[in-house]
Each structure stands twice: as C-alpha cells, then as structure tokens.
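> Structure provided below as structure tokens; questions to follow.
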Amino acid sequence: MDGVPGRPDMRRVALTLRADAVEEVLDRLMPLLPQGVYERALDAERTEVSFFGDGLAAAAALDALAGDDLLGREEEEVPDSREERRRHAGRAWTVSDRLRVRSPGDPPAAGAALEVVIEPAPGAFGTGAHPTTRGCLELLLELEPGGGLADLGCGSGVVAIAAARLGWEPVYALDFDERAVAAAGRNAQRNDVEVRALLVDLREIPAPPAHTLTANIPLDIHERVAATLSPATARVIVSGITASQEPAATAAYAPAGLVPQGRRIAGGWAALLLGRP
Amino acid sequence: MGGAAAGAALTLAVLDPETAAAAGAPHGQLASAVGGGLRLSCHKLVEDAARSTILLVPGLLRLDVRPLEDSLQVFARALHPVPPRWELIDGAAAGAATDEPYRLDWRVDALLEPHPVRGEVTVTMTVDFDRGVAHFVTHAVLREITT
C-alpha cells in the first residue's frame, strides 16, 4: 500500500465542509467511498474531509452531493502512500474542557487553555483518544499539581507531558518499549517541557518513589507495582484496565494503604484515582 | 411515513436482501434472506485513521469505524427518521489483554411499522500495528418482530 518508485500518484480530493453538516454529508458520501475518508477539523466551524483514489470519475457528482454544505474543494496528485493519507487525518481531542490533545497536523485551537501536541508513532500508545487515557487525563486534571510524578507505561508521553504542563516536577515517563520512550522524549521536546523518558521494565524494577503515579498498564503489571509501592507515593491514577478489572486493581493497591477516591468508566474501560485516606 | 400500508412497505424494504446487497457491494458486504429477516456479512481492511463503512442497511443504519493507533472509534448512523437504538451487550474492551481479535456485540432495535426490527451486530477487529491497518469482520442479523 505504501508508495513505491514508479507507481503513479493517486488523486486526493479534499472537501471543506461546515462542521455541523459533516455527518449529514457523510451519510451521502460514505456509501460511494469504500476506502473511507480522512477527517480533520480546520477550526470550530469547518472540517476537511479527504478521500483518495486513482480514478475519481464520481468527483463531480460528489460536489452535488455535498451541496450547500460544501465550502471548498481541492484536488491534487499525491504519492500513493499510507503516510500521505494519514497526514490528512485529524487527531484532536478535548478533555474536561481544559486540555486539548492534538497531532502536529491539527491546527491549534483558538483560546485553548492547555494544549499537548502528540506525534503518533508505532509502538507508542496514547493519542489521547482511548477511553482509558482520557479517563486518566480527566482524573489528573482534578488533582492539585505538586511534587514529583512518574508516568508508568508512558507510550507517547501524553499524560507525562500534560502533568508537566500542569505543574508537576520532576516528571518521569517510563515504558518498556524503546519506541515509546523515544516518542515520549520527542514529544516532550516538541511541547517544550522537562520530562525524563526512561526505558524501564516494571516486571523487574519497582516504580520510582514519586508522590504521584499515573499508570496506564495491564492489570498484572499494576499488581507488581502495587506490591512494591514506595511509602512516598501518596496517590496513583490507575488506568489501562477494563471496568470488570476494577475490583482486582483496587484490591491490589489496598495493602499499600491506597483507597478509591475517584473513577471514570467509558466504553468498558476504567480509570481510578487511588489515594491515602 | 403515512399509514400502515406505507409502514409495511418500509419494513419490507429495509429487510430486502437485494437492496442491502447492491448498496453494500462496494464495501464487501453480502446480504441474504434469513427466516423473517436479513443476514449481512462484511469484511474490509481499513487503514489507520481512515473512517470506513463496515455495515450498511439502506433506509435504516450505517456503521462506520475509525481505527487509531491506540483505540477504535465507532460511528452508528441512523438512516431512518426514528433512530435505531444500539445497546452494547458484550465485548467492551474484550481482547485488550488477549491475543484474540477485539470484539464488540450490539443489540439493535428499530421501531419500524407495522412491526419493529431487532438485530444483533458483531464486529471483530484484528490490528497490524506495524503496517497501520486493521481487518474488520462484521456479521449482522435483523429480523422483523411479529409477536
């Protein structure tokens, strides 16, 4: 699927649509576009919908389909590559009306209080779209920042970077995947925050004795972290678990003296705030 | 919608396999008659961050998916004036800690006339993270509820 030398380019058609009309337009377009579309918010009022193909004979008909909701249309020859298509997909999410996570390809939002820019990368979980990541960020936003924070299973670094932006210091980002550690370091640099990204396997090494831990990791790793938790850790945001795993996760941290103080459940996923009473 | 006769025609049209097969063919969707209803099957490769249709029942509903690096967005669109009701019955987050495909199961209820339609929809997703592509398989059975 990726571009290869000698392979002809493909045509990209980009429609600029009224944001509040996108779904109705897609009701008409999607049946005609089996390869799908790539959506990206241009601003609060306009959304770009791109689609790709070799012979878009139906392009003129698509104009009519979009009707009055069509604000603009561009066509260009582009390389036939997955990366090229991904480039036109928006990844911008707002969390608790206070934090906006976006990709470098998404335009900054006017008036956003706090933005974190995350470059998607293979092996680096955390675009900000996943319910458990969102739950983790929502709980983080409810806390009074202060002291050190370690983000376990940092992936792209989205939670660690948000914590640094909010005022935690120092902030550590840990992951067992080299690609995630590299991505977290790059993203910290991109966001101009101080985050130390480290390659750590929590199956072998205890979590660092930070005042606050955020942990977007599987249940069995939570159990290992809980068993070796430092007394200096006063609160843990537990994520990366399903709603059905909530009792087991809570029970794992109970011997360390942590009790539930908040929770978010969405799409079958859970995020929990555990703290000392 | 006007009256019982029009309502009956609507129900029959929604459950017509030829209509669903023709509309869904570009999306790899098969449609056939099943006792008292319609059976649909679809499979498709969807590139990372693309929004693509994986189930299309003209006049009733469309199901789109958008796989991202770390999550799956699902868009259930109503193509009927009375939106069908979707209830996730199983599979939320299933597969998260296993090697099995991610699986979602819904029950769908549509208040058509003269008889409502009830269906079950199953979507499985297998992701190739390195290639940035996900394989979706959709199965659905929709039946007219006459009792």
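The values are calculated or read from the model by the stated rules, or taken from the named source; none is laboratory data. Please read all numbers here as calculations on a predicted model, not as lab measurements. All Cβ positions, even for glycine, are placed from backbone atoms using ideal geometry, and neighbour counts span all protein chains on display. Heads up: the accessible areas ignore ligands, DNA and RNA and are worked out on the full protein's heavy atoms, side chains in. Shrake-Rupley method; radii C 1.70, N 1.55, O 1.52, S 1.80 Å.
> Which residues, taken from the stretch B:102-147, are touching a helix residue (DSSP H, G or I) at 6+ places or on another chain (Cβ under 8 Å), buried (at least 17 other Cβ atoms within 10 Å of the Cβ) and of a type in the set (D, E, K, R)?
Matches in the stretch B:102-147: B:GLU144 only.
> Strands (runs of 3 or more DSSP E) wholly in the stretch B:8-76 with at least 1 residues that are within 12 Å of chain A (Cβ to nearest Cβ) and open to solvent by 20 Å² or more (accessible area, probe 1.4 Å) - which ones?
It comes to B:37-47.
> Looking at A:LEU99, is it under 23 Å from B:SER71 (Cα atoms) and within 14 Å of chain B (Cβ to nearest Cβ)? Give the derivation first.
Details: under 23 Å from B:SER71 (Cα atoms): yes; within 14 Å of chain B (Cβ to nearest Cβ): no.
No: the conditions fail for A:LEU99.
> For the stretch B:103-135, name all the residues that are closer than 22 Å to B:LEU88 by Cβ and touching a Pro at 6+ places or on another chain (Cβ under 7 Å).
B:VAL108, B:ASP109, B:ALA110, B:THR124, B:MET125, B:THR126, B:VAL127, B:ALA134 - these are the residues of the stretch B:103-135 that are closer than 22 Å to B:LEU88 by Cβ and touching a Pro at 6+ places or on another chain (Cβ under 7 Å).
> Being of a type in the set (A, V, I, L, M) and within 14 Å of chain B (Cβ to nearest Cβ) is true for just one of A:ILE161, A:ILE118. Which residue is that?
A:ILE118
> Continuing with the same structure: Quick test for you: out of A:ALA232, A:ALA252, A:ALA243, A:ALA248, pick the one residue that is in contact with a Pro (Cβ under 9 Å, 6 or more places away or on another chain) and in contact (Cβ under 8 Å) with a residue 12 or more places away in the chain.
Of A:ALA232, A:ALA252, A:ALA243, A:ALA248, the one residue that is in contact with a Pro (Cβ under 9 Å, 6 or more places away or on another chain) and in contact (Cβ under 8 Å) with a residue 12 or more places away in the chain is A:ALA232.
> Take the residues in the stretch A:130-162 that are charged (D, E, K, R) and surrounded by fewer than 24 Cβ atoms within 10 Å (Cβ to Cβ), then tell me which one is farthest from A:ILE237 (Cα to Cα).
Ranking the candidates gives A:GLU144 first.
> Now for a different question. Suppose the filter is farther than 21 Å from A:ARG28 by Cα and among the polar types (S, T, N, Q); does B:SER52 pass it?
No: the conditions fail for B:SER52.
> For the stretch B:102-147, please list each of the strands (runs of 3 or more DSSP E) lying entirely inside it that holds at least 1 residues being within 14 Å of chain A (Cβ to nearest Cβ) and acidic (Asp, Glu).
B:102-110, B:117-128
> Just for helices (runs of 4 or more DSSP H) wholly inside the stretch A:31-149: which have at least 1 residues that are of a type in the set (S, T, N, Q) and modelled with pLDDT of 90 or more?
Filter on the stretch A:31-149 gives A:131-142.
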